[in-house]
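Visitor: I'd like to ask some things about the structure below.
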Amino acid sequence: MLAIQVQLLEAFLITSDVIRDWKDHVGKLLIRVNEIMDIYALFSIFQVDQETYAMEIFWHNPPSQKTRERFDRIVKQRIGELNRLHFLSGMGVNHNIVDKERPEIELYEKDIALEVKSIFLESPQVGGVVGIGLQSSTVARDVGRSLIIEGILTTLANVVGSVKAIDQYTREVKYYVTRDPLTELYNQNLFWDLAANEQLRARRHGQQFALLVLDFDNFKMINDRYGHAFGNSFLQRFARQMKDVLPEGDILARYSGDIFTAILPQTDQESARQTAVRVMNALKEVVMSTSDGLQIKATVSIGIALYPEHADDINTLFVIARNMMLKAKRDGKNRIGIPGSDDLVEAREATDDKGLFLLDLLENPENIIPCFQPIVGIQQHDVSIYELLMAIRSGEEIIKASSFIGTAEKMGIISRLDYIVIEKAFREIHNKGYQGLLFINLAPNSLILKEFIRDVRKLATDYQIDPSNIVFEITERETVRNRILLEQFVWDLKNEGFKFAIDDFGSGFSTYHYLKMFPIDYVKIDGEFIKNTPDHEVDWAFVKSMISLARDLEIKTIAEHIEDREILKTVRELGADFGQGFFIGRPSLTIEPTVPKPAKSEPL
């Protein structure tokens with residue numbers, strides 16, 4: 001009996017990488033269990049939402065229609081005998097057949113009543129499981145095996161619930177790779193993919209399409225005055241209304257914040273203008289009541305660009321449409337902007353040079369240069385941390401990469417640039433034997449790309465770098481777009497030893513929530529607060545509270561933008577652990593194995 005029980009428990013072992021569909025996995029589990037003892041059916045009851053429940057029945061062999069009806073009736077009868085489960089009486093039932101090629105089985109009420117073993121839980125468990133049961137002839141004829149079945153039911157409930165939960169979580173992660181969590185519209189990443197596909201399709205068939213960039217007028221003022229919850233509700237209503245008015249086949253995405261994009265296939269300029277007018281008129285119906293009794297209406301500024309009339313590449317087309325949206329806002333908002341010849345020249349001049357320069361940079365990665373800025377221990381006056389920065393060689397000049405980051409993100413090549421600079425930095429660290437920490441501030445989209453993270457892991461292995469020496473910096477804009485996906489990657493990397501920091505801590509309303517969501521090791525206090533601490537009491541109080549909070553949570557603090565001795569003296573008195581800024585140390589093209597303390601002539 002013990003051997004049989006061990007065999008059954010071994011059959012229950014699950015790993016997340018083998019689950020592609022939870023029902024398929026439970027079916028395979030039933031087949032595996034039948035190699036140990038005969039079990040006709042497995043059923044489980046789940047909580048679907050707050051008031052809805054459903055029963056899934058898995059049959060090893062196809063049951064006759066009468067058998068299905070008898071089984072449903074007996075299980076529901078048992079549930080009805082338990083007063084605490086009265087809410088399950090109206091639940092839906094779904095039958096799943098594991099092996100349709102096997103002979104049909106016929107079970108009678110007496111047999112089913114004697115052969116079903118089940119348990120019902122006090123409250124929903126993992127995966128929403130509230131009950132589980134097995135139907136087996138073993139129950140009636142073999143007391144010992146019947147006891148085994150009773151003993152494994154709780155374990156089986158956890159296994160089936162876990163399989164369902166893993167499957168659901170995986171589907172949600174995949175969904176939010178392409179969706180904006182707040183509005184459930186397509187997100188920025190998928191927008192660029194779909195826009196590129198539409199460009200290829202239109203080029204192949206010699207067709208036009210329109211790109212609209214839409215901005216919710218006055219949203220920042222509404223959000224600041226009435227709070228994020230109100231603002232989020234307004235955005236959701238705003239997004240639903242736009243989605244309802246756009247024709248089927250048009251592609252609507254939330255690009256960022258209160259900016260949306262729409263791709264209108266096979267559309268000329270006049271049709272695009274008419275669609276924009278319909279959107280504007282429909283949004284007049286979106287009205288929200290505020291806590292102080294006001295009625296706020298939604299209006300939108302819209303920019304339009306046509307392929308190939310205005311541009312034959314997506315990046316320039318987007319810039320033109322965005323510029324037209326901004327022009328509409330400058331002209332009084334709640335307007336539509338369509339480009340003229342001067343607008344097209346301006347947009348092309350803004351994008352062509354940078355775009356060509358960045359593409360050339362990928363062809364000549366030797367011009368991408370890692371820089372290392374020291375982060376100093378304020379209390380001990382030592383340096384064991386560097387932040388990795390990217391610089392670009394242009395002829396004889398070394399320039400900051402920050403002026404190109406926005407264009408690189410729009411072109412979808414930022415993660416490739418990040419990878420190049422990280423690989424070069426890791427090689428420098430390996431060659432110099434540096435054993436300290438390296439902070440890496442990635443572009444918003446890089447940290448949620450599965451392939452990118454996999455490649456960075458491999459780089460750390462190839463260059464023999466301890467993951468615990470790598471600190472990934474998270475900024476507010478990174479987490480807003482794909483919080484669920486980012487949370488998964490953060491925990492996966494944390495379990496492998498990598499560390500995490502919040503950059504520009506205190507700059508947004510959400511950053512404090514990140515301390516709850518993510519396993520944070522460091523916070524970098526926003527330099528806008530730091531540089532004003534000597535002279536402004538409010539900033540001084542903010543920084544003091546941030547340092548105190550971090551200390552209570554056993555998180556180290558880094559004060560950014562230390563530009564003079566007075567700022568350094570103030571943040572030291574406030575108790576910051578580390579400091580960073582030009583007064584302490586400027587970025588360098590090399591990294592030292594151990595950084596010497598500042599010279600006596602330049603005391604901290």
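The values are calculated or read from the model by the stated rules, or taken from the named source; none is laboratory data. The model shown is predicted, which means the values in this text are computed figures rather than measured ones. FYI the Cβ positions are ideal-geometry reconstructions off the backbone, even for glycines, and counts take in every protein chain you see. Ligands, DNA and RNA are excluded from the accessible area calculation, which covers all protein heavy atoms including side chains. Shrake-Rupley method; radii C 1.70, N 1.55, O 1.52, S 1.80 Å.
Visitor: For LYS66, go through the lysines and keep the ones whose alpha-carbon is under 16 Å away, minus same-chain ones fewer than eight residues off.
Guide: Reachable lysines: LYS76, LYS110.
Visitor: Search the structure for amide H atoms under 5 Å from the amide H of THR267, placed 1.01 Å from N in the peptide plane, and list their residues when 5 or more places away or on another chain.
Guide: Those qualifying (amide H under 5 Å, at least 5 residues apart or on another chain) are GLN208, PHE209, ALA210.
Visitor: Within the set LYS220/LYS297; LYS164/LYS458; LYS424/LYS499; LYS494/LYS531; LYS432/LYS458; LYS400/LYS516, which residue pairs have Cα atoms separated by over 24 Å?
Guide: Violating the 24 Å Cα-Cα cut-off are LYS164/LYS458; LYS494/LYS531; LYS400/LYS516.
Visitor: Apply the Karplus curve 6.51 cos²θ - 1.76 cosθ + 1.60, θ = phi - 60°, to the phi angles in region 497-503 and return the couplings in whole Hz, x for Gly and Pro.
Guide: x, 5, 10, 9, 10, 9, 8
Visitor: What is the percent carbon and sulfur in the accessible area of region 265-355, measuring with a 1.4 Å probe over the protein chains and ignoring ligands?
Guide: For region 265-355, the apolar C and S fraction of the accessible surface comes to 45 percent.
Visitor: Continuing with the same structure: For region 22-132, what is the accessible area per residue in Å², given a 1.4 Å probe and the full set of protein chains? Please list the in-between numbers first.
Guide: Working: 5720 Å² over 111 residues.
Ligands and nucleic acids excluded, the figure is 52 Å² per residue.
Visitor: Take LYS23 and GLU366, extend 7 Å from each Cα along the Cα→Cβ direction, and tell me the distance between the two endpoints in nm.
Guide: Label-label distance for LYS23 and GLU366, simple model: 5.9 nm.
Visitor: Here's a follow-up. Name the long-range amide H neighbours of ALA401: under 5 Å, sequence gap of 5 or more, or other chain; modelled H, no Pro or chain starts.
Guide: The answer is MET390, ILE392.
Visitor: Carbon and sulfur: what percent of region 43-137's accessible surface (1.4 Å probe)?
Guide: The nonpolar share, carbon plus sulfur, comes to 45 percent.
Visitor: Another one. Compute the normalised compactness of region 231-289: alpha-carbon radius of gyration over 2.2 N^0.38 Å, N being the residue count.
Guide: The reported ratio for this selection is 1.14.
Visitor: Using a Förster radius of 30 Å, what is the FRET efficiency between LEU553 and VAL177 based on their Cβ-Cβ separation? Nearest 0.05, please.
Guide: It comes out at approximately 0.50.
Visitor: Another question about this same structure. Using the heavy atoms of the protein chains alone and a 1.4 angstrom probe, what is the accessible area of region 154-294 per residue in square angstrom?
Guide: Working: 6590 Å² over 141 residues.
Solvent-accessible surface per residue comes out at 47 Å².
Visitor: Starting from the Cα of SER402, step 7 Å along the direction of its Cβ; do the same at ARG330; then give the gap between the two resulting points in nm.
Guide: 2.4 nm
Visitor: Residues with amide H under 5 Å of THR299's amide H, sequence separation 5 or more or different chain, H placed in the peptide plane at 1.01 Å from N; which?
Guide: For THR299, whose amide H was placed from the backbone, the distant partners under 5 Å are ASP217.
Visitor: Using a simple spin-label model with points 7 Å from Cα along the Cα→Cβ vector, what separation in nm is obtained for VAL126 and ASP564?
Guide: 5.8 nm
Visitor: Taking only protein heavy atoms and a 1.4 Å probe, what accessible area per residue, in Å², does region 493-569 have with all protein chains in place?
Guide: Spelled out: the 1.4 Å probe surface of region 493-569, per residue, equals 50 Å².
Visitor: First measure r as the distance between the Cβ atoms of ARG102 and GLU81, then evaluate 1/(1 + (r/R0)^6) with R0 = 30 Å and state the FRET efficiency to the nearest 0.05.
Guide: The value I calculate is 0.40.
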